[in-house]
Amino acid sequence: MNIILLGPPGAGKGTQAARLVERHGMHQLSTGDMLRAAVAAQTPVGIRAKAVMDAGGLVSDEIVSALIDDELAAMGETVGAIFDGYPRTAAQAGQLDVILAKHDRMLDRVIELEVDEDELVHRIVGRYSCASCGAGYHDEFHQPEVAGLCDKCGGTEFKRRKDDNEETVRTRMAEYRAKTAPILPLYEARGIVARVDGMAPIDTVTASVEAILIGA
Ligand code: AP5
């Protein structure tokens, strides 16, 4: 099964994708994570992407689609794909169709996480992750069970994303409204869009997403 998780910054795409990976052995293809890894490694792609990401803009369609193509090529053919943060423009949606056909895959579902944008700023600004294993936490909604210790790996160092400040988040949201939301009608016309209330508690959102996958 191949699905797209769609929603503005902070909607919970990464949170839900991680759960689907853990529970169903699917593979998460997060262009945001791939780009951050490229920035950290100072690859040519990372060097080009850094300033755009720090400002909350979108990296070029060709770069992100090439990342997705490479990642799909490296994946087992039978492993389900979760596209997280991709596609984000009409051009990327077209490129994804070509890439999926090339890898003999079809798109089963596009799941839109519907959310309240003002609440999202609060979610994003409070977000942090384990510096060792990347497990995600939030100052208010999801703290480690033992303060200062990662639940998953016991790490004691945590980090925050550079683009998780209010000004950049507002720019990212404007980009979502202008360039990403308009691709939904394309998938609606194919009859594969399902909507989930992304403002519900994390477990409830997961249950809704799983119900959609069972019915897909
Ligand atoms: P990317 O990394 O994709 O960021 P994003 O889309 O802005 O999404 P986020 O990761 O911020 O949010 P999320 O929906 O995953 O929420 P999360 O689960 O963490 O992209 C970053 C940048 O890279 C872009 O700005 C762009 O520059 C570039 N880029 C990436 N892809 C690109 C592409 N395709 N084309 C061009 N450029 C690209 O949840 C957020 C917080 O809320 C967490 O703390 C979580 O614990 C909490 N939370 C989640 N769900 C709930 C809930 N139901 N209730 C309460 N709290 C919740």
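The values are calculated or read from the model by the stated rules, or taken from the named source; none is laboratory data. Here the structure is a predicted model, which means the values were calculated and not measured. A quick note on method: Cβ atoms are made from the backbone with ideal geometry, for glycine too, and the neighbour counts reach across all protein chains shown.
Table for the structure above
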| quantity | calculated |
| --- | --- |
| Wholly enclosed helices (runs of 4 or more DSSP H) of the range 1-75 bearing at least 2 residues under 23 Å from residue 109 (Cβ atoms) | 13-24, 31-40, 61-74 |
| Complete set of residues in the range 187-198 that are under 11 Å from residue 107 (Cβ atoms) and within 16 Å of the ligand (Cβ to nearest atom) | 187 |
| In the range 48-85, residue nearest to the chain's Cα centre (by Cα) [restricted to those that are among the hydroxyl-bearing types (Ser, Thr, Tyr) and at pLDDT 95 or above] | 65 |
| Of all residues making up the range 116-130, the number that are of a type in the set (D, E, K, R), touching a residue at least 24 places away in the same chain (Cβ under 8 Å) and more than 8 Å from the ligand (Cβ to nearest atom) | 3 |
| Flag for residue 101 being assigned to a helix (DSSP H, G or I) and either in contact (Cβ under 8 Å) with a residue 24 or more places away in the chain or surrounded by 13 or more Cβ atoms within 10 Å (Cβ to Cβ) (or both) | no |
| Any hit, the range 153-166, residues being touching a strand residue (DSSP E or B) at 6+ places or on another chain (Cβ under 7 Å), closer than 23 Å to residue 29 by Cβ and hydroxyl-bearing (Ser, Thr, Tyr) | no |
| Any chance residue 131 is at pLDDT 95 or above and either surrounded by 18 or more Cβ atoms within 10 Å (Cβ to Cβ) or in contact with a Gly (Cβ under 9 Å, 6 or more places away or on another chain) (or both) | yes |
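So that you can scan it fast, the table gives a plain yes or no per residue for (1) out of contact with any helix residue (DSSP H, G or I) (no Cβ under 6 Å at 6 or more places or on another chain); (2) more than 8 Å from the ligand (Cβ to nearest atom):
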site	(1), (2)
60	yes, no
64	no, no
70	yes, yes
74	yes, yes
85	no, no
94	yes, yes
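Residue by residue, here is whether (1) surrounded by fewer than 17 Cβ atoms within 10 Å (Cβ to Cβ); (2) under 16 Å from residue 160 (Cα atoms) holds:
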{"residue": "11", "(1), (2)": "no, no"}
{"residue": "14", "(1), (2)": "no, yes"}
{"residue": "28", "(1), (2)": "no, no"}
{"residue": "31", "(1), (2)": "no, no"}
{"residue": "36", "(1), (2)": "no, yes"}
{"residue": "39", "(1), (2)": "no, yes"}
{"residue": "44", "(1), (2)": "yes, no"}
